[in-house]
Amino acid sequence: MKKIHSVLVAAACGLWIGAAHADIKVGFTAPLSGPAGAIGQDQYDGFMLAIERLQGRLGGQSAAVLKEDDQLKPEVGLQAARKLIEKEKVDVLVGLGYTNVFMAMAPLVTQSGVVAIGTNAGPQAVAGAGCKANIFAMTGQNDGPSEAMGMYAQQKRYDRTFLLAPNYQAGKEMLAGFKRHYKGSVADEVYPPLNQSDFSAEIAQIQAARPDALFIFLPGGMGINFIKQMKQAGLLGRVPVMSVFTVDGTTLPALKQQAEGVLAGAMWDAASDGKEAAEFKQAFAARYKRIPSLYAAVGYDAGNLLNVAIARLNGNVSDKVAFAAAVKAAGSEFRSVRGAFRFNTNNMPVQDYHVYQVVKAGTDVTMAQVATPVKAHPDSYHAQCSLK
Amino acid sequence: MSLTLFIAQLLNGLQFGVLLFLLAAGLTLVFGIMSFINLAHGSLYMVGAYAAAVAGAKTGSFAVAVAAALIAGVAVGALLERLAASRLYRRDHLDHVLATFGLVMFFNELARMIWGPQPIFISLPESLSGTVALLGFSYPSYRFLIIATGLAVAMASQWLIRRTRWGMLIRAGSSNPDMVSTLGVNIGLLNAGLFTLGAALAALAGAMAAPILSVQSGMGDGVLITTLVVIVIGGIGSVAGAFCASLLVGVVDTMGRSYLTLLLREVADRDVANAAGPALASMLVYLLMAIVLAWRPQGLFPATGRPS
């Protein structure tokens, strides 16, 4: 008993010393294991790269980052958020994981008033009437890329499109977003369970439906498996495949040539140009020996956004309301790798959405920008938000 | 709902089923005969998949990849039996669960340390990456190879159990292990052999699944649960039961995923069906298990004479 006691005391001292060194305490949560692990890791690496490039400081204050794995489980994510907010008393929460995890954390985050910056999900529930002054979505509202894809499908005049997304909130929002601006008919919409790995049944259905095009949202390992299996079934190349958050910097290294021809709607990719993007790509590749994904880009943006916001307050982040207002204002001041960026009234980005395509580049493949269906696109829910 | 689609889905169910059988055969032997609950069976599946991916990437040969998976399965399985499992046979089931659950975490973390959180990738040889035209459908030829492998293993295991001395001991061991050891059979060696065989089958399943799925840490966890459902439905300790239950679960799961939503749309609103269909489909194998257990609490084909 005595031994346990002394261990606890030592641990408490360690934490206290760790805390005393940093002026700004950042809690970071993301899925860092399992099929979505790469997505979480990229957000973290991007965020840490921003802080490193700022010499370990945010807004001139020394910053400490506490990292937690949400395992893509809402209950684990909520526990992590509770630990970071109540026990560690972080000044700001970054990451917040997938939509289902984000939504599990939202009530606690709202109640605590702690500034939270999601670097992956942008649920509809916090974009519309449920918007909160202290909750930001750095990536965009979930719908954005799929709305752009819907417009692209419209421009391409695909008459019958088959839709596929995992059976959870974000999956449904993605498909709803696609259908919002798409005037053609939907051949069918299918919702496999989240993290399903074998899509043989769905692929047989697609084959039987003979659609003009396919629209998919299958993040992480799901997307890798699906594209591989489509290729094995001889369907890839016969049906145009439009995707969001499926074929990107995290999955392309595994897919390589198998993904050739697949379209991807996104607000950023390493194929994007611009001074900030080039600088970021170079720094990321030098530091982590790989090409950054859009998740890494968002993590990097979040670090730079916080830097500007905290500098605005001269490092005094104790007033949570003022901190949230500073973050919102910083949205149009920091230099985003995405180019033009600002927060809408509902704390969701107003930004451009592009369509990229996987193309051959020698023996390897790369993404190439093929269209920008919408510019400075606000989400479809901001009118319902009462924030100014 | 065309007939060709139905046949394609049946094939998909069959393919999933035989893959489950490769896992369930080993698990049910170990469970039924040694009464040892091995939650780390899914980790052996993962070991097989990683071994196949690494060897496949090095040599580019699918045959070498499968051989590597089998060797890795035998090696890791034998080691696991010697170091961990053999010390636990005489202990309580709860101890088995705790120890092997710990092993699952150990293997997952080890895989993450060695290969990182990113899934790794194995490509199919050119000769297997084609498709077979089937009543206007194209079905991946590789999936036929999985079906053939599973059926071959099923036949081999039937021969092993019904026709060989070893099989007789296995059957006897599953009914009354104490009597078998009283008769002078080295039950320790029999156990080690069985455990290793089970591990090799799990690794083979991993190698067969690797080109379809992404190879990553924790890939065995989800499929282990389905495998446990299979052996409970089939009857613990029975390989024939595991075979029938694997096909049943494979087909029911696949059919549920492809047809349940469509069926619900006939009786309910499209939005309701879209919401309820996938949710019900993912519950279907558990419902199946509940129905089977209500009807036959020992499973469909319980190993005969097993003391309850």
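What to note about this one:
- Among the residues here, residue B:281 qualifies as within 22 Å of residue B:224 (Cβ to Cβ) and in contact with a Lys or Arg (Cβ under 6 Å, 6 or more places away or on another chain).
- Selected residue (criterion: farthest from residue B:9 (Cα to Cα)) from residues of region B:126-141 that are at the interface with chain A (Cβ under 8 Å from one of its Cβ atoms) and touching a strand residue (DSSP E or B) at 6+ places or on another chain (Cβ under 6 Å): B:131
- Scoring residue B:161 on the criteria (1) of a type outside the set (S, T, N, Q); (2) within 9 Å of another protein chain (Cβ to nearest Cβ); (3) in contact with a Gly (Cβ under 8 Å, 6 or more places away or on another chain); (4) open to solvent by less than 30 Å² (accessible area, probe 1.4 Å) leaves a single failure, condition (2).
- Residue match in region B:103-111 (condition: in contact (Cβ under 8 Å) with a residue 24 or more places away in the chain, open to solvent by 40 Å² or more (accessible area, probe 1.4 Å) and either small (Gly, Ala, Ser) or assigned to a strand (DSSP E or B) (or both)): no
- Some residue of region B:179-195 being touching a residue at least 60 places away in the same chain (Cβ under 8 Å), within 15 Å of the chain's Cα centre (by Cα) and open to solvent by less than 30 Å² (accessible area, probe 1.4 Å): yes
- Leading residue by the ranking (most open to solvent (accessible area, probe 1.4 Å)) among those in region A:189-202 that are more than 7 Å from chain B (Cβ to nearest Cβ) and either on the phi > 0 side of the Ramachandran plot or out of contact with any strand residue (DSSP E or B) (no Cβ under 9 Å at 6 or more places or on another chain) (or both): A:195
- Against the list (1) closer than 14 Å to residue B:214 by Cβ; (2) facing another protein chain (nearest Cβ under 8 Å), the condition residue A:246 fails is (2).
- Being part of a helix (DSSP H, G or I), modelled with pLDDT of 95 or more and more than 9 Å from chain A (Cβ to nearest Cβ) holds for only one residue in B:249, B:285, and it is B:249.
- Considering only residues in region B:252-280 that are open to solvent by 40 Å² or more (accessible area, probe 1.4 Å) and of a type in the set (Val, Ile, Thr), the one that is nearest to the other protein chains (Cβ to nearest Cβ) turns out to be B:272.
- In this entry, residue B:223 is excluded by the filter for residues that are part of a loop (DSSP other than H, G, I, E, B), open to solvent by 10 Å² or more (accessible area, probe 1.4 Å) and not aromatic (Phe, Trp, Tyr).
- Within region A:203-225, the set of residues being within 10 Å of chain B (Cβ to nearest Cβ) and under 23 Å from residue B:2 (Cβ atoms) comprises A:203, A:204, A:205, A:207, A:208, A:209.
- Within region B:85-102, restricting attention to residues that are farther than 18 Å from residue B:217 by Cα and touching a residue at least 40 places away in the same chain (Cβ under 8 Å), the residue that is most open to solvent (accessible area, probe 1.4 Å) is B:93.
The values are calculated or read from the model by the stated rules, or taken from the named source; none is laboratory data. Bear in mind the structure is a predicted one, so any value in this text is a computation, not a measurement. Cβ atoms come from the backbone with ideal geometry, glycine included; neighbour counts cover every protein chain shown. Accessible surface is based on the protein model in full, side chains and every heavy atom, while ligands, DNA and RNA are left aside. Shrake-Rupley method; radii C 1.70, N 1.55, O 1.52, S 1.80 Å.
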